[in-house]
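These notes concern the structure reproduced below.
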Amino acid sequence: MIWQLDLLILTLVVVCGIATITVKDLLGASVIFGVYSFLMCLLWAEMGAVDVAFTEATVGAGVSTVLFIAAILRTTRRSKD
Amino acid sequence: MKHLQEKAQSKPLGESLIVQTAVRMMIPFIQLFGLYVIVHGHYSPGGGFQGGVVLGASFILMALAYDLQKTFGYISERTNAILGSTGALIYTGTAALCAVLGGYFLDYSALAKIIPMNPIDWRSMGIFLVEVGVGLAVMNIMVSLFWDISSGGKMDEGL
């Protein structure tokens with residue numbers, strides 16, 4: 001528990017969170033969301049919740065990013081209706 | 001992005017020898033690590049869910065580097081469904097067996113009536129059985145989610 005490190009990671013988490021919802025490009029948004037997940041994993045590991053950090057690293061940063069990108073590749077640039 | 005999407009719509013993303021070789025060398029280690037996480041789940045960080053996701057990620061990686069047909073060679077759709085259901089059955093079966101044998105739901109010490117062992121040892125063994133079940137179920141659900149999303153439900157070549 002080093003509060004300076006906590007604060008640094010937390011700032012980056014907030015920046016990534018805001019960037020995720022403001023970026024127009026869906027692929028960019030999902031990549032930034034992966035970065036957000038990984039920073040949350042770092043934050044949890046740093047605060048001593050190793051089990052939660054492990055879950056976040058595998059599910060949040062690993063599988064869900066792949067699933068998002070797989071879903072985005074099935075979309076088209078402009079909506080048809 | 002647009003270029004990628006056009007490429008994905010016209011043909012599969014293309015194969016790269018470097019990526020395929022790297023994935024082929026990494027997959028056994030990823031699966032070994034997943035098994036380690038499941039087996040050591042009850043006294044170290046990790047457990048059935050995380051280990052299951054790591055095991056599933058190895059198949060997702062294979063589907064990304066090659067195509068879906070290659071993963072069907074290792075774990076077919078039918079095997080996938082059967083294994084996933086077996087995992088859920090192991091979990092609920094262990095829990096219900098405890099209740100049937102006179103203990104509470106998920107009270108593993110009641111299992112000492114089947115195999116005589118110290119109740120404290122049975123509590124350790126019982127959580128291991130449950131985590132094997134959870135790991136199997138999660139692995140197959142993750143693989144099946146990726147199959148369905150990447151091929152649009154058609155189960156053909158994938159991305």
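For the stretch B:102-159, name all the residues that are over 20 Å from B:GLY47 (Cβ atoms) and of a type in the set (D, E, K, R).
Answer for the stretch B:102-159, where residues must be over 20 Å from B:GLY47 (Cβ atoms) and of a type in the set (D, E, K, R): B:LYS113, B:ASP148, B:LYS154, B:ASP156, B:GLU157.
Does B:VAL53 qualify as being in contact (Cβ under 8 Å) with a residue 60 or more places away in the chain and of a type outside the set (Phe, Trp, Tyr)?
In short, yes.
Could you please find all residues in the stretch A:13-25 being surrounded by 17 or more Cβ atoms within 10 Å (Cβ to Cβ) and aliphatic (A, V, I, L, M)?
Initially, the stretch A:13-25 is screened for residues surrounded by 17 or more Cβ atoms within 10 Å (Cβ to Cβ), giving A:13, A:16, A:20.
Selection gives A:VAL13 alone.
Looking at this structure, is B:GLY152 farther than 30 Å from B:LEU61 by Cα and modelled with pLDDT under 90? Steps first, answer last, please.
Working: farther than 30 Å from B:LEU61 by Cα: no; modelled with pLDDT under 90: yes.
Considered against the rule, which asks whether it is farther than 30 Å from B:LEU61 by Cα and modelled with pLDDT under 90, B:GLY152 comes out as no.
Out of all the residues in the stretch B:66-99, which are loosely packed, with under 15 Cβ neighbours inside 10 Å and in a loop (DSSP other than H, G, I, E, B)?
B:SER76
Does at least one position in the stretch B:143-153 carry a residue that is outside any helix (DSSP H, G or I), open to solvent by 50 Å² or more (accessible area, probe 1.4 Å) and charged (D, E, K, R)?
No, the stretch B:143-153 has no match at all.
Across the stretch A:29-58, what is the total count of residues that are surrounded by fewer than 18 Cβ atoms within 10 Å (Cβ to Cβ) and facing chain B (nearest Cβ under 8 Å)?
2
Quick check on the stretch B:34-60: of everything there that is more than 9 Å from chain A (Cβ to nearest Cβ) and within 13 Å of A:VAL66 (Cβ to Cβ), which residue is most open to solvent (accessible area, probe 1.4 Å)?
Residue satisfying both the conditions and the ranking: B:PHE59.
Can you tell me which residues in the stretch B:128-159 are over 19 Å from B:ARG78 (Cβ atoms) and either more than 14 Å from chain A (Cβ to nearest Cβ) or over 24 Å from the mean Cα position of the chain (by Cα) (or both)?
Within the stretch B:128-159, B:PHE128, B:LEU129, B:VAL130, B:VAL132, B:GLY133 meet the criteria.
Go through the residues of the stretch B:107-124 one by one and say whether even a single one is within 23 Å of B:PHE49 (Cα to Cα), under 15 Å from the mean Cα position of the chain (by Cα) and either aliphatic (A, V, I, L, M) or part of a helix (DSSP H, G or I) (or both).
no
Is it the case that B:ILE115 is without any contact (Cβ under 8 Å) to a residue 12 or more places away in the chain and crowded, with 19+ Cβ neighbours inside 10 Å? Before the answer, list the steps.
On the way: without any contact (Cβ under 8 Å) to a residue 12 or more places away in the chain: yes; crowded, with 19+ Cβ neighbours inside 10 Å: no.
Judged against the criteria, B:ILE115 is not a match.
Sort out which residues of the stretch A:68-81 are within 8 Å of chain B (Cβ to nearest Cβ) and open to solvent by 30 Å² or more (accessible area, probe 1.4 Å), and write them in order of number.
Those that are within 8 Å of chain B (Cβ to nearest Cβ) and open to solvent by 30 Å² or more (accessible area, probe 1.4 Å): A:ALA71, A:ARG74, A:THR75, A:THR76, A:ARG77.
The values are calculated or read from the model by the stated rules, or taken from the named source; none is laboratory data. Computed from a prediction, not measured in an experiment: that's the story for all the values here. Cβ sites come from the backbone with ideal geometry, for glycine too, and all protein chains shown count toward neighbours. Keep in mind that these areas ignore ligands, DNA and RNA; they rest on the heavy atoms of the full protein, side chains included. Shrake-Rupley method; radii C 1.70, N 1.55, O 1.52, S 1.80 Å.
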